[in-house]
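S.K.: Next up is a structure, given as structure tokens.
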Amino acid sequence: MIHTIGKYLAVAILSGFLVQSVLADSRPDVMHYDLKITPDIDQALITGSVVIDFRIKPGQQSVTFDKGALEIMEVTGETLDSFSAAGNRLILELKARNNVVNHRVFIRYRGAPKRGLLFNEEKKQAYTVFFTSQWMICNDDPADKASIDMELTLPMTMQCIATGVLKEVKEEGGLKHHRWMQEFETASYTYGFAIGVFREQVMSADPLIVKNYSADKSPEKINQIFRETPAMIAFFEEKSGVPYDLKSYNQLLVGNHYQEMSGFSVLKSTYGDLVLKDSTETNLISHELSHQWWGNRITCESWNHFWLNEAVATFMSAAYNEHRFGNTKYMADINAYKRVYTDIKNRGKDKPLVFESWTNPSRDDRNIVYFKGAYVLHLLRQQMGDAAFWKGIQSYSTRFFDQSVTTTDFQNSMQEATDQDLSGFFDEWVY
């Protein structure tokens, strides 16, 4: 359990990308991104272009996108008047118009990301983690969901795993163009890719396929590490009431991070060794997988409600352990979460799960969202009883699938599942 907590802490600490405030008056509603990127592992550089289709409010003249540290080379568009860069934001000024709300712009850029896109020249690998706007121009607001086409141009020997479904691999000029497409909408922080040379292991989770990758593990060991995945998918489908609706789910052992993305997850390259030593140490596999429901598709409306992403995923990993390995394993997880929270509380650092402001969160703040949140869900389960609790979880999950949510949405769903008055519980533990 100590190992598992350590891995969760790594996830929490590295979630510092969630500090950006939303400029609601100038933010667009993005409908679709059409992205073309060329990563250069040897130079740790990226060049790219993106066509963004978006809507704005009638009368709105200015639009703000997030650009991280990327250098803007060109911006064009039929309704574009001018553009400027201010810090990590790209500001577009639009021409006067008669209440035109649908717009399209083309943006060409380049950069040498220090975060968000991590390069390993020695291993010839690269992967994205957390900071999407460090490698593509986008809207970081979690409530703004969009579909995406992503084309990555790579050397012939490179493999590519990315958001969505692989639609085409085309060879041209000694390079391969990998085109991935996601037709449903998710927040930009769920976009990502990983490139390198990997061994692939395929397993069935009828009707979908699970593909697992590692640069140094044999297919037999890869299978041993990820063998619980089909059962995990079935468990989360049952508890959510929503089937996993992509044709495949991909998992990679790569780098030094843990991160869910739409349709796949990356897990630290050495994590597999932990599972090989103890087959019950699968919390991080189940945690990242559960985000395909709670986080990627049911998404917090703002980072103030971030616990709806991370606490639910943390709790669901413990719930799967209970289902698979028994109550003793479940309670070991819950007690570990409680210990983290109790330490925070004893040091006078406790806060509500709904944050007044999620700007520059501390390590304790992040651990509150993950571990206090998961512990509170366990307490809520105890108060409601199993039948009502899981009825509420399923109602919440089916009602708000593919939507952005607030804590009120979650509270109402749980309240409707029981005859008890839960307002006191939420006042004490959540608000």
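S.K.: Being among the β-branched types (Val, Ile, Thr) and crowded, with 17+ Cβ neighbours inside 10 Å narrows it down to one of 101, 105, so name that one.
M.R.: Values: 101 fails: crowded, with 17+ Cβ neighbours inside 10 Å.
Just one listed residue meets the conditions, 105.
S.K.: Restricting the stretch 340-396 to residues that are assigned to a loop (DSSP other than H, G, I, E, B) and among the hydroxyl-bearing types (Ser, Thr, Tyr), which is modelled with the lowest pLDDT? First the steps, then the outcome.
M.R.: Pass one, the stretch 340-396, residues assigned to a loop (DSSP other than H, G, I, E, B): 347-362, 385.
From what is left, the residues that are among the hydroxyl-bearing types (Ser, Thr, Tyr) are 357, 359, 362.
On the way: 357: 86, 359: 82, 362: 92.
Step by step, filter the stretch 340-396, then rank; the result is 359.
S.K.: Turning to a different aspect of this structure: Return the pairs, sorted by first residue and then second, in which the second residue is open to solvent by less than 20 Å² (accessible area, probe 1.4 Å) and not in a loop (DSSP other than H, G, I, E, B), the first residue lies in the stretch 242-265 and is of a type in the set (Lys, Arg), the beta carbons are less than 7 Å apart, and the residues are 6+ apart or on different chains.
M.R.: These pairs meet every condition: 247/208.
S.K.: Let me ask something additional. Which of the numbered conditions does residue 85 fail, given that it passes all the others? Conditions: (1) in a strand (DSSP E or B); (2) among the small types (Gly, Ala, Ser); (3) under 23 Å from residue 189 (Cα atoms); (4) open to solvent by less than 60 Å² (accessible area, probe 1.4 Å).
M.R.: With respect to (1) in a strand (DSSP E or B); (2) among the small types (Gly, Ala, Ser); (3) under 23 Å from residue 189 (Cα atoms); (4) open to solvent by less than 60 Å² (accessible area, probe 1.4 Å), residue 85 is out only on (4).
S.K.: Which condition from (1) closer than 24 Å to residue 325 by Cα; (2) open to solvent by 50 Å² or more (accessible area, probe 1.4 Å); (3) assigned to a strand (DSSP E or B); (4) modelled with pLDDT of 95 or more is the one that residue 210 breaks?
M.R.: (2)
S.K.: Restricting the first residue to the stretch 86-114 and requiring it to be under 24 Å from residue 129 (Cβ atoms), which pairs with a second residue that is among the aromatic types (Phe, Trp, Tyr) and open to solvent by 40 Å² or more (accessible area, probe 1.4 Å) meet a Cβ separation below 9 Å and a spacing of at least six or different chains?
M.R.: 90/83; 107/83; 113/119
S.K.: Can you name every residue in the stretch 317-348 that is in contact with a helix residue (DSSP H, G or I) (Cβ under 6 Å, 6 or more places away or on another chain) and under 23 Å from residue 430 (Cα atoms)? Explain how you work it out, then say what you get.
M.R.: Filtering the stretch 317-348 for residues in contact with a helix residue (DSSP H, G or I) (Cβ under 6 Å, 6 or more places away or on another chain) gives 317-318, 320-323, 329-330, 333-334, 336-338, 340-341, 344.
Selection gives 317, 318, 330, 333, 334, 336, 337, 338, 340, 341, 344.
S.K.: Being open to solvent by 10 Å² or more (accessible area, probe 1.4 Å) and not β-branched (Val, Ile, Thr) is the filter here; which residues of the stretch 145-157 pass it? Before the answer, list the steps.
M.R.: So the first thing to find is which residues in the stretch 145-157 are open to solvent by 10 Å² or more (accessible area, probe 1.4 Å), and the list is 145, 147, 149, 151, 153, 155-157.
Once the filter is applied, which keeps residues that are open to solvent by 10 Å² or more (accessible area, probe 1.4 Å) and not β-branched (Val, Ile, Thr), the stretch 145-157 yields 145, 147, 149, 151, 155, 156.
S.K.: Could you please find all residues in the stretch 246-283 being part of a loop (DSSP other than H, G, I, E, B) and basic (Lys, Arg)? Write out each step before concluding.
M.R.: Applying the first criterion (part of a loop (DSSP other than H, G, I, E, B)) to the stretch 246-283 yields 246-247, 254-258, 262-263, 268-270, 278-282.
Once the filter is applied, which keeps residues that are part of a loop (DSSP other than H, G, I, E, B) and basic (Lys, Arg), the stretch 246-283 yields 247, 268.
S.K.: If you scan the stretch 158-197, which residues turn out to be surrounded by fewer than 17 Cβ atoms within 10 Å (Cβ to Cβ) and among the basic types (Lys, Arg)?
M.R.: 167, 170, listed by residue number.
S.K.: Looking at residue 58, is it open to solvent by 40 Å² or more (accessible area, probe 1.4 Å), at negative phi and of a type outside the set (A, V, I, L, M, F, W, C)? It would help to see each step written out before you state the result.
M.R.: Working: open to solvent by 40 Å² or more (accessible area, probe 1.4 Å): yes; at negative phi: yes; of a type outside the set (A, V, I, L, M, F, W, C): yes.
Here the answer is yes, as residue 58 does meet what is asked.
S.K.: Okay, next question. Condition first: in a helix (DSSP H, G or I), open to solvent by 50 Å² or more (accessible area, probe 1.4 Å) and in contact (Cβ under 8 Å) with a residue 40 or more places away in the chain. Now tell me which residues in the stretch 213-241 satisfy that.
M.R.: Result: 221, 224.
S.K.: May I ask you to list pairs of residues, at least six apart or on different chains, whose Cβ atoms are under 7 Å apart, with the first in the stretch 139-164 being more than 24 Å from residue 28 (Cβ to Cβ) and the second being among the small types (Gly, Ala, Ser) and open to solvent by 20 Å² or more (accessible area, probe 1.4 Å)?
M.R.: Partner pairs satisfying both residue conditions: 156/174.
S.K.: Among the residues of the stretch 348-368, are any of a type outside the set (Asp, Glu), touching a Pro at 6+ places or on another chain (Cβ under 7 Å), over 30 Å from residue 223 (Cα atoms) and crowded, with 24+ Cβ neighbours inside 10 Å?
M.R.: Of all residues in the stretch 348-368, those of a type outside the set (Asp, Glu) come to 348-349, 351-355, 357-363, 366-368.
The next check asks that each one be touching a Pro at 6+ places or on another chain (Cβ under 7 Å); those that pass are none.
No, the stretch 348-368 contains no residue that is of a type outside the set (Asp, Glu), touching a Pro at 6+ places or on another chain (Cβ under 7 Å), over 30 Å from residue 223 (Cα atoms) and crowded, with 24+ Cβ neighbours inside 10 Å.
Table: residues versus (1) aromatic (Phe, Trp, Tyr); (2) open to solvent by 10 Å² or more (accessible area, probe 1.4 Å); (3) farther than 29 Å from residue 357 by Cβ.
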position: 269; (1), (2), (3): no, yes, yes
position: 277; (1), (2), (3): no, yes, yes
position: 288; (1), (2), (3): no, no, no
position: 295; (1), (2), (3): no, no, no
position: 314; (1), (2), (3): no, no, no
position: 330; (1), (2), (3): yes, no, yes
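S.K.: Now a separate question. Step by step: first the residues of the stretch 61-76, then only those that are of a type in the set (Gly, Ala, Ser) and open to solvent by 20 Å² or more (accessible area, probe 1.4 Å), then the one that is nearest to residue 158 (Cα to Cα). Which residue is that? I'd like the intermediate steps shown before the answer.
M.R.: Initial filter on the stretch 61-76 (of a type in the set (Gly, Ala, Ser)): 62, 68-69.
Cutting the leftovers down to open to solvent by 20 Å² or more (accessible area, probe 1.4 Å) gives us 62, 69.
Values: 62: 40, 69: 26 Å.
The residue in question is 69.
S.K.: So residue 129 passes all but one of these: (1) modelled with pLDDT under 95; (2) surrounded by fewer than 21 Cβ atoms within 10 Å (Cβ to Cβ). Which condition number does it fail?
M.R.: (2)
S.K.: If you take the residues of the stretch 413-431 that are in contact (Cβ under 8 Å) with a residue 60 or more places away in the chain and hydrophobic (A, V, I, L, M, F, W, C), which of them is most open to solvent (accessible area, probe 1.4 Å)? Let's see the steps before the verdict.
M.R.: Filtering the stretch 413-431 down to residues in contact (Cβ under 8 Å) with a residue 60 or more places away in the chain leaves 429-431.
Now drop any that are not hydrophobic (A, V, I, L, M, F, W, C), which leaves 429-430.
Numbers: 429: 48, 430: 1 Å².
So, considering only residues that are in contact (Cβ under 8 Å) with a residue 60 or more places away in the chain and hydrophobic (A, V, I, L, M, F, W, C), the one most open to solvent (accessible area, probe 1.4 Å) is 429.
S.K.: Could you look through the stretch 369-412, keep only residues that are more than 17 Å from residue 320 (Cα to Cα) and basic (Lys, Arg), and pick out the one that is surrounded by the most Cβ atoms within 10 Å (Cβ to Cβ)?
M.R.: 372
The values are calculated or read from the model by the stated rules, or taken from the named source; none is laboratory data. As the structure is a prediction and not an experimental result, all values here were calculated from the model. Because the Cβ atoms are built from the backbone with ideal geometry, glycine has one as well, and the counts that use them run over all protein chains shown. Surface accessibility is based on the protein's heavy atoms, side chains included, excluding ligands, DNA and RNA. Shrake-Rupley method; radii C 1.70, N 1.55, O 1.52, S 1.80 Å.
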